[in-house]
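Asker: My structure is below; once you've seen it, I'll send some questions.
Bear in mind these aren't lab numbers, they're just calculated from the coordinates by the rules spelled out. Quick caveat, the model's predicted, so the values are computed rather than measured. Note that each Cβ is placed from the backbone with ideal geometry, even for glycine, and that neighbours are counted across all protein chains shown.
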Amino acid sequence: MTEMIAAGLMWALTVALAATLRPKKDPSILVAAGFIALATTLNIDSVYVTVDSIVGGHNLFDLIANGCLMVGIYFLSEAIVRAARPQGSRSGRGYGKWGRYALSITLTVTAVSFASIRAPQTSTTFMLSYGTQPGAFVYSVAQYLYIGAVMAHAGWTCLRFRGSWHSSLYRTSFALIEAGCALALVTALAVFTMDIFHMSGNSSALRVVSAIYDPAYVVAIALLCTGLGLPPVIRAWKTKLVNARAAGLIRELQPTWRIAIANYPQLHLDKTGGNENRRTGETLRGELHRMVVETHDCLAFDPSLNERIGEDGLRPLHAASLLLESSRSAGS
């Protein structure tokens with residue numbers, strides 16, 4: 001059940017990020033979400049048993065799932081560090097290179113240690129079944145040492161640059177990411193402890209720690225997904241509202257605009273046309289901007305137009321000017 005919840009959250013985040021990814025923007029978070037979603041899906045018992053049986057039932061997909069998780073964590077932490085660091089800051093610029101080295105070493109160690117584990121049958125509780133073997137101990141510790149270190153660094157970066165976030169949306173988002181990183185670290189520590197209890201055969205203590213691991217894991221995933229998904233989803237929602245408002249103001253402003261340019265065709269730069277509902281948001285805002293500029297130019301050229309248009313006609317002009325100004329401020 002835990003893995004199904006985690007997988008559902010990660011696929012929801014992946015879809016949300018894919019739907020809101022803007023051209024030429026860093027896709028690291030989307031790549032991270034995709035790898036982690038795949039890893040959590042492979043850890044669902046029914047999925048794991050099915051796919052592992054295809055390759056002979058030797059738990060190869062445990063290695064594949066954990067490899068996907070570590071690759072996803074690398075891209076996730078890189079995206080968090082890059083987003084949290086203020087523009088122009090030199091701090092953490094070498095993180096990507098050292099992160100790749102650490103990931104490569106960890107993947108190598110886990111692959112070598114996995115090869116030394118005797119795991120002849122598919123097990124959905126891999127460490128419970130084979131965790132007493134030294135190779136399994138190294139296999140698990142290497143993974144979560146990497147995950148714990150990487151998430152601790154990402155969380156520390158968020159905490160360090162907290163004062164540079166001016167937007168309430170980003171303050172909220174990074175606060176959730178901080179909490180998610182902290183719980184991810186708790187999860188890693190819980191795994192370390194369970195690995196020790198596996199080796200020592202202390203099953204009662206193992207059950208106690210595993211009771212901490214499950215909720216910490218799910219809540220960490222939930223916090224990270226919410227924190228990472230909030231900005232693009234809210235931004236896309238606001239953009240949709242602005243575009244709808246721009247389309248409405250184009251219709252409201254047209255009578256005023258037509259009166260203004262009727263006797264001054266030299267001030268009219270283009271013609272409106274087409275169905276505004278089929279235009280992109282950028283096209284709609286560009287059309288509205290042109291109408292506002294042309295109307296203001298006509299009013300400046302002939303102040304008597306103010307009386308002919310009247311307050312009712314000037315109201316959508318003011319509203320359109322405010323909308324365009326707020327859109328420019330939000331995009332800057």
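Asker: Report the residue, chosen from A188, A65, A244, that carries the largest GNM mean-square fluctuation when the chain is represented by alpha-carbon nodes joined by springs under 10 Å.
Answerer: Its mean-square fluctuation being the largest, the pick is A244.
Asker: Please find the FRET efficiency linking V49 to L322, where r is the Cβ-Cβ separation and R0 is fixed at 51 Å, and quote it to the nearest 0.05.
Answerer: 0.30
Asker: Compute the distance in nm between two label points, each set 7 Å from the Cα along the Cα-to-Cβ direction, one at V112 and one at L189.
Answerer: 3.0
Asker: How would you order 157-169, 221-233 from highest to lowest mean count of nearby Cβ atoms within 10 Å? Don't jump to the answer; show the numbers that get you there.
Answerer: Values: 157-169: 14.4, 221-233: 21.4.
The most tightly packed comes first, giving 221-233, 157-169.
Asker: Also, quick follow-up: Which aspartates and glutamates, if any, have their Cα less than 20 Å from the Cα of K97, not counting same-chain residues under 8 positions apart?
Answerer: D26, E78
Asker: Please give the calculated 222 nm ellipticity per residue for the chain, where each DSSP H segment of at least 4 residues contributes -39500 (n - 2.57) and the sum is spread over every residue; nearest 500 deg cm²/dmol? The partial results should precede the final answer.
Answerer: Values: 11 runs with 262 residues, N = 332.
It comes out at -28000 deg cm²/dmol, rounded to the nearest 500.
Asker: Note the angle between two axes, namely the Cα long axis of helix 95-115 and the longest principal axis of the Cα atoms of the chain, as a number of degrees from 0 to 90, rounded to the nearest 10.
Answerer: 30
Asker: Here is a follow-up. Per the Kirkwood formula on distinct C-alpha pairs, the Rh of the chain is how many angstrom?
Answerer: For the chain, inverting the mean 1/r across all distinct Cα pairs yields 23.4 Å.
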